Amino acid sequence: MISLDEIKVPLDVPQSKRDNYKRIFFEITQGSGRLMLMAGDQKVEHLNDDFYGPGISPEDADPEHLFKIASKARIGAFATQLGLIARYGMDYPHIRYVVKLNSKTHLVKTAQRDPLSLLWLSFEQLDYFLETKSVPIVGVGYTIYPGSEFEAQMLREAAQLVFEAHQRGLIAIIWAYPRGKAVSNETDPHLVAGAAGLGACLGADFVKVNPPSVKEGDPNLALKEAVAAAGRTRVICAGGKETAVKDFLSRLHGQIHIGGTYGNATGRNIHQKPLSEAVAFCNAIAAITFDGVSVEEAFAIYKES
Amino acid sequence: MISLDEIKVPLDVPQSKRDNYKRIFFEITQGSGRLMLMAGDQKVEHLNDDFYGPGISPEDADPEHLFKIASKARIGAFATQLGLIARYGMDYPHIRYVVKLNSKTHLVKTAQRDPLSLLWLSFEQLDYFLETKSVPIVGVGYTIYPGSEFEAQMLREAAQLVFEAHQRGLIAIIWAYPRGKAVSNETDPHLVAGAAGLGACLGADFVKVNPPSVKEGDPNLALKEAVAAAGRTRVICAGGKETAVKDFLSRLHGQIHIGGTYGNATGRNIHQKPLSEAVAFCNAIAAITFDGVSVEEAFAIYKES
Amino acid sequence: MISLDEIKVPLDVPQSKRDNYKRIFFEITQGSGRLMLMAGDQKVEHLNDDFYGPGISPEDADPEHLFKIASKARIGAFATQLGLIARYGMDYPHIRYVVKLNSKTHLVKTAQRDPLSLLWLSFEQLDYFLETKSVPIVGVGYTIYPGSEFEAQMLREAAQLVFEAHQRGLIAIIWAYPRGKAVSNETDPHLVAGAAGLGACLGADFVKVNPPSVKEGDPNLALKEAVAAAGRTRVICAGGKETAVKDFLSRLHGQIHIGGTYGNATGRNIHQKPLSEAVAFCNAIAAITFDGVSVEEAFAIYKES
Amino acid sequence: MISLDEIKVPLDVPQSKRDNYKRIFFEITQGSGRLMLMAGDQKVEHLNDDFYGPGISPEDADPEHLFKIASKARIGAFATQLGLIARYGMDYPHIRYVVKLNSKTHLVKTAQRDPLSLLWLSFEQLDYFLETKSVPIVGVGYTIYPGSEFEAQMLREAAQLVFEAHQRGLIAIIWAYPRGKAVSNETDPHLVAGAAGLGACLGADFVKVNPPSVKEGDPNLALKEAVAAAGRTRVICAGGKETAVKDFLSRLHGQIHIGGTYGNATGRNIHQKPLSEAVAFCNAIAAITFDGVSVEEAFAIYKES
Amino acid sequence: MISLDEIKVPLDVPQSKRDNYKRIFFEITQGSGRLMLMAGDQKVEHLNDDFYGPGISPEDADPEHLFKIASKARIGAFATQLGLIARYGMDYPHIRYVVKLNSKTHLVKTAQRDPLSLLWLSFEQLDYFLETKSVPIVGVGYTIYPGSEFEAQMLREAAQLVFEAHQRGLIAIIWAYPRGKAVSNETDPHLVAGAAGLGACLGADFVKVNPPSVKEGDPNLALKEAVAAAGRTRVICAGGKETAVKDFLSRLHGQIHIGGTYGNATGRNIHQKPLSEAVAFCNAIAAITFDGVSVEEAFAIYKES
């Protein structure tokens, strides 16, 4: 557990916003320094693929399912597009929101054209939400694709996003996914570490990476390079595709305790479950992330809920 | 029927504009929550193809035909480019206008280059019309092409358009048409649902999609995925090419009562008819959309007018 | 003949500029509602091809030739680039100028790259000329190339140009030339009509098109579709390449009285003649356009001057 | 010789700046109406090729060589990038500077990609130099490449540069070089004339062209078309590659007295010589340009210095 | 050694910032006029390749290693991205920072696409750091790639960066690396000299180049052309890949005393060493750069530390 005083506030957070930044950091990590982010940006990133089909709860077809889970479960924050927040936030005013400020569809594949994802809204527009305080916006998120032919545009937007978030006392989270025709193995541990270090150079508070893959040995050990490379920027891992609950919890535990990561950002594994199971699953993830419980204890939480 | 109090106002509508937003929403849905949009943006999108030729009323050759219909028929709103509104609005000051803020021609095909359609005017320019109140502008429209290599530019413009419309208490309608070399089947139900969900993430009030096509079974059933995916954003279907009146009304009825859609946006099927028939046809559509009448009742309205 | 009261002022002309707009419209059409535009933008569009060579008066080699004609002849307005106006206007302060705000050279052919022509100056820069009133600027012109891969940029600039011109009480003229690899027949009547209708959707006061070509029959009849499609936006025809005077006048007469056009924009046919002949030719064109005289009467004016 | 009163001030020069404009025009042409521009932008345009190597004075290796010449020789003005002016101007505060506001390297050849050269600095940034008056800035320069696939961007910047220069009472000089895959013969006389006329349409005070080449006959005669096409915009010729002094002076004399040009812009032929010879050479050029001396007289000046 | 009075302040440094500029210049060169820049931008430029792997100290895996070295060693300034400075600066408030304002990854190779590296932050955003004075920011850095198809964008940004840095009394350093499909030999001495001269035309205070390579003879002699071409802009050499210490010091000594350069910018050779060795190595470099000691003396400093 960390105390408010231990939180290192980046220099681009103004004096008047330091307490706000610390409070948010404390809240979304529940004092643990580790983030449990419920990621809900897939309705753009993967269109309806993650929300409808075999093995997916019918409840997930409706976007409100995301808000129901986020409001009932123990999470750090819920990341999604501002448009959805604007339509559901009045009924879910207590969720801590991370606004995912860029998104693209998955229709154009890298073989056709390298990825480009641009800011949807300016910070001046976001300020409207901050000023009216209708919902608690705690941070912003942005995806960069190092290795894309268009990375220059995204690096610029990402750097400015971090700065502007900090100016407002908000947390900035960078999704860092190496991708493009120049990238042959997106989950190569050394490349993932590079992406994590890039997140640090952008000044992000958290950098979300895909877990590295290894030919042999424990992939969590491979995470250590990334965690080191990111320095004071905290690495969190993407949850990825649907996985058996226990396997998921076990992997998460290893990422944190072996790899040294600071939490996770999970989407599909949560919202593809029915509401009560999704909530239970979040609570189990939260117990590992925030409370440091064992896999068995977390699985018990999942089962009991 | 819905009451004014039941209308969920998105959070990006300021307090001072909430009544305006509710009033507009109520008016263009005539209290039904369903929209009947007369779409008149084809003079750019399809150039003169929809206005002149075999099977098209000679009256349709003149753009004023659109305004005559919109002023005499029972419709929710009439969508067209601002240039036309500026030239005819003084004689048709009681039509509720939706300004279609981007448009492109159909000359460059996807095989040559993926579609790109950009904003024609800024909101600062639109404000002139809102301030002078010469015509009642109730909303704005924008087409996105998910799957285009240029989608990033359009997604940004669309997200900002929704925000800026709501800031002014206006309704925002997104035309969401998957298109591009990456898109092999534009009317695949799952893809249409993805486009509808994307409209929701953009925060649109209504998302206009092309009705999905199915190899067998009722295509209206296939709409349910899209309607669910859009959540609180209301799906309306494009009217498409010229169709026999009864078939059209029957399809519309099914879209609403089987598919669960919230209305329709119809252009060619209306304006390619002579004025009196076009008005009668609109009235029949309106009766289904707003009043919930049966296909037979609607057809009788069409016949009697 | 029309009266000032009959002029329909577009809604984007502010109350305070309505009289200005009407006065200009009346002046450049000399009360006829038809425009005789002397087009002098070819020094960019065609470089020196139209000004020097066999069959071209040596006087035309000097750009001042254009100003001499425009100042002596009966014309509605003279369209050229602002740079030329800035250098000659002090000596020709009574010409009514239309500022052609975009221009490109003809060096890059469509087979190499689709056309793109961008605004040279902002309206804020144009305002300097309006405020100092050194010369009477009555309108602005802009060329769009529907069917170009870059049409989105030009449609945006054109729409904003019309709006900004009207805000200042000026006339907006759109040159609408379908062009690009996607366009196989630039003068197809149906396509020309589409371009004319596009001009209307942009809100232009006049739309300049190339006369349609037909395989058989009267090409002027083919213009009627375009004139109808443009509605309240008035179609004028480009003068095109050098033609025998009587043929030119006859074609113009037919365009107006058979095709229903509202005048013409003529460049090369005028300025490639020696000054006195060019003036006489303008006067003949003006007589047809403004006074409705017959071809024979107009030809007599040309001969007598 | 011209008097101050004879100088035609373009209309985009404000009343308050007219005297400034006239004074500058008079000074840089030394009352002759002809410009002798020492061109020193090659350190970007040609990198170090023009400054180091066989046949080039070792003094030319150091950029200060340019300033030494410009300060000691009789020239109209010295054109170079603002960065160099900022570093040497404090020691050479009496040179009249023309700021070359765009530049590119010659590394990417036309066969690879058409040329694009963009503004380096805004006029707001240039204003700092105008306001502090640390050095006398008398004008700005900009290169356009008609025929490049990117000409639209450059034409826009050039038009705005002329306008903004004139607003500040400065002289605007356009380097007009047809170039690109669409251009097969850059020095075709008719094309050079087109480029000169384009400079006029941009409103430039001077347009610098490459001397046309002819298969037979006097190339200076071929210049007459360009001089005529430019009208009140004054044509000056680029000096080109290293040439024997007498040949250079003879060519210059012919360009002025046969071709009708208004001076020259010479770089390499000047600065590749040792300081004293370079100064002498400038003085000889100046004598032809400003004083109208013969080639023999000018050569004597060169020899005697 | 130079005195404060001898420092030539560029003309774009305002009067009120001249003392600031001089003081910074004096400090980062320790009165020698030569810069010892510790370059730490590789976490973006080379991702994690320079920080983790065989032959690299494990300490280098953590970005704080850079700050530890920079705070303990004798250096002129430390260059890195603002994001890292924002996260570590509160603990290292006495390092003089140069903000590297653009950076790209090395994933996309030139064979695929020419390099483009864009500004990450605006000067308005940088001003926040200048105003709060939380860390001493002494300058900014920017990489240009002459010969890239995208050089126009970078030249513009670089020119503006130099101007804006000087306006604030800061030092501007240009990394000038010829690169692109048009560049066959990036370290050709003549091309390196061209890049150095380009840095001068941009107005940079220092221009960082890769040391030229020669087929035979002393490569330091080949540097003289670049040093001459840069004039008052001071050439510093990139340190390049890992090298034996004595070889490195010897090369540096030759670059300065034979080539005439004004220092060096070294990254990997420093930070890939353990902290104490890295500090010792910096001190040895500093002794050569600032104090003019011999290679042997410097090596002794390295050994003794």
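The values are calculated or read from the model by the stated rules, or taken from the named source; none is laboratory data. Because the structure is a prediction, the values reported are computed rather than measured. No Cβ is skipped: glycine too gets one built from the backbone with ideal geometry, and neighbour counts run over all protein chains shown. The area values use the complete protein model at the heavy-atom level, side chains included, leaving out ligands, DNA and RNA. Shrake-Rupley method; radii C 1.70, N 1.55, O 1.52, S 1.80 Å.
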So which residues in the stretch B:91-104 are farther than 25 Å from B:Leu161 by Cα and either out of contact with any helix residue (DSSP H, G or I) (no Cβ under 7 Å at 6 or more places or on another chain) or within 10 Å of chain C (Cβ to nearest Cβ) (or both), if there are any at all?
-> B:Asp91
Given E:Tyr88, E:Tyr52, which one is more than 28 Å from E:Glu149 (Cβ to Cβ), within 12 Å of chain A (Cβ to nearest Cβ), assigned to a helix (DSSP H, G or I) and out of contact with any Gly (no Cβ under 6 Å at 6 or more places or on another chain)?
-> E:Tyr88
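Looking at B:Gly147, B:Gly141 in this structure, which one is at positive phi, open to solvent by less than 40 Å² (accessible area, probe 1.4 Å) and outside any helix (DSSP H, G or I)?
Among B:Gly147, B:Gly141, only B:Gly147 is at positive phi, open to solvent by less than 40 Å² (accessible area, probe 1.4 Å) and outside any helix (DSSP H, G or I).
Within the stretch E:284-304, count every residue that is acidic (Asp, Glu) and surrounded by 14 or more Cβ atoms within 10 Å (Cβ to Cβ).
First, the residues of the stretch E:284-304 that are acidic (Asp, Glu): E:291, E:296-297, E:304.
Now restrict to residues that are surrounded by 14 or more Cβ atoms within 10 Å (Cβ to Cβ): E:291, E:297.
Count: 2.
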Among the residues of the stretch E:11-49, how many are within 25 Å of A:Gly147 (Cβ to Cβ), in contact (Cβ under 8 Å) with a residue 60 or more places away in the chain and assigned to a loop (DSSP other than H, G, I, E, B)?
-> 4
Subset of the stretch B:164-218 that is among the basic types (Lys, Arg) and in a loop (DSSP other than H, G, I, E, B) - its residue that is least open to solvent (accessible area, probe 1.4 Å) | B:Arg168
Expected single match for over 20 Å from C:Arg96 (Cα atoms), among the charged types (D, E, K, R) and surrounded by fewer than 20 Cβ atoms within 10 Å (Cβ to Cβ) among C:Asp12, C:Asp5 is C:Asp5
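Can you name the residue in the stretch D:105-138 that is among the polar types (S, T, N, Q) and open to solvent by 10 Å² or more (accessible area, probe 1.4 Å) and, of all such residues, is farthest from the other protein chains (Cβ to nearest Cβ)? Can you show your working first?
First, pick out the residues of the stretch D:105-138 that are among the polar types (S, T, N, Q): D:105, D:110, D:112, D:117, D:122, D:125, D:132, D:134.
Imposing the further condition that a residue be open to solvent by 10 Å² or more (accessible area, probe 1.4 Å) reduces the set to D:110, D:112, D:122, D:125, D:132, D:134.
Values: D:Thr110: 11, D:Gln112: 6, D:Ser122: 8, D:Gln125: 5, D:Thr132: 7, D:Ser134: 5 Å.
Out of the qualifying residues, it is D:Thr110.
Within the stretch B:22-49, how many residues turn out to be within 12 Å of another protein chain (Cβ to nearest Cβ) and either open to solvent by 60 Å² or more (accessible area, probe 1.4 Å) or of a type outside the set (Asp, Glu) (or both)? Please lay out each step first, then the result.
Going through the stretch B:22-49, the residues within 12 Å of another protein chain (Cβ to nearest Cβ) turn out to be B:40-49.
Pick out the ones that are also either open to solvent by 60 Å² or more (accessible area, probe 1.4 Å) or of a type outside the set (Asp, Glu) (or both) and you get B:40, B:42-44, B:46-49.
Matching residues across the stretch B:22-49 total 8.
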Cβ-Cβ under 8 Å pairs, at least 6 apart or on other chains, the stretch B:185-206 side more than 7 Å from chain A (Cβ to nearest Cβ), far side among the basic types (Lys, Arg) = B:Glu186/B:Arg179; B:Asp205/B:Arg234; B:Phe206/B:Arg234
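Out of D:Glu296, D:Glu304, which single residue is on the phi < 0 side of the Ramachandran plot and without any contact (Cβ under 8 Å) to a residue 12 or more places away in the chain? Let's see the steps before the verdict.
Numbers: D:Glu304 fails: without any contact (Cβ under 8 Å) to a residue 12 or more places away in the chain.
Sole residue among the options that is on the phi < 0 side of the Ramachandran plot and without any contact (Cβ under 8 Å) to a residue 12 or more places away in the chain: D:Glu296.
Answer yes or no as to whether A:Asp62 is crowded, with 24+ Cβ neighbours inside 10 Å, modelled with pLDDT of 95 or more, over 20 Å from the mean Cα position of the chain (by Cα) and not polar (S, T, N, Q). Let's see the steps before the verdict.
Values: crowded, with 24+ Cβ neighbours inside 10 Å: no; modelled with pLDDT of 95 or more: yes; over 20 Å from the mean Cα position of the chain (by Cα): yes; not polar (S, T, N, Q): yes.
Judged against the criteria, A:Asp62 is not a match.
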Of (1) within 24 Å of D:Val235 (Cβ to Cβ); (2) more than 14 Å from chain E (Cβ to nearest Cβ); (3) in contact (Cβ under 8 Å) with a residue 60 or more places away in the chain, D:Lys72 satisfies every one except (1)
In the stretch D:102-138, what residues are hydroxyl-bearing (Ser, Thr, Tyr) and either in a strand (DSSP E or B) or farther than 17 Å from D:Ala77 by Cα (or both)?
-> D:Ser103, D:Thr105, D:Thr110, D:Ser117, D:Ser122, D:Tyr128, D:Thr132
Which one of the conditions (1) in contact with a helix residue (DSSP H, G or I) (Cβ under 7 Å, 6 or more places away or on another chain); (2) open to solvent by 10 Å² or more (accessible area, probe 1.4 Å); (3) at pLDDT 95 or above does B:Ile56 fail to meet, given that it meets all the rest?
-> (1)
What number of residues in the stretch E:77-99 are under 20 Å from E:Ala265 (Cβ atoms) and among the basic types (Lys, Arg)?
-> 1
Look through E:Thr266, E:Thr233, E:Thr243 and report the one residue that is among the polar types (S, T, N, Q) and modelled with pLDDT under 95.
-> E:Thr243
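Just the residues that are farther than 15 Å from B:Lys208 by Cβ, free of Cβ contacts under 8 Å to residues at least 60 places away in the same chain and either within 14 Å of chain A (Cβ to nearest Cβ) or crowded, with 18+ Cβ neighbours inside 10 Å (or both), please, taken from the stretch B:221-249.
Filtering the stretch B:221-249 down to residues farther than 15 Å from B:Lys208 by Cβ leaves B:221-222, B:224-225, B:228, B:231-232, B:241-249.
Now drop any that are not free of Cβ contacts under 8 Å to residues at least 60 places away in the same chain, which leaves B:221-222, B:224-225, B:228, B:231, B:241, B:243-249.
Passing the criteria: B:Leu221, B:Ala222, B:Lys224, B:Glu225, B:Ala228, B:Gly231, B:Val245, B:Phe248, B:Leu249.
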Per the filter on the stretch A:71-85, residues open to solvent by 20 Å² or more (accessible area, probe 1.4 Å) and either outside any helix (DSSP H, G or I) or out of contact with any helix residue (DSSP H, G or I) (no Cβ under 8 Å at 6 or more places or on another chain) (or both) are A:Ser71, A:Arg74
Before we move on, is D:Phe67 under 17 Å from D:Phe281 (Cβ atoms), part of a loop (DSSP other than H, G, I, E, B) and within 14 Å of another protein chain (Cβ to nearest Cβ)?
-> no
Test: residue in the stretch C:91-101 that is within 26 Å of D:Gly147 (Cα to Cα), in a helix (DSSP H, G or I) and open to solvent by less than 10 Å² (accessible area, probe 1.4 Å) | no
Out of all the residues in the stretch D:153-163, which are farther than 25 Å from D:Lys17 by Cα and open to solvent by 10 Å² or more (accessible area, probe 1.4 Å)?
-> D:Gln153
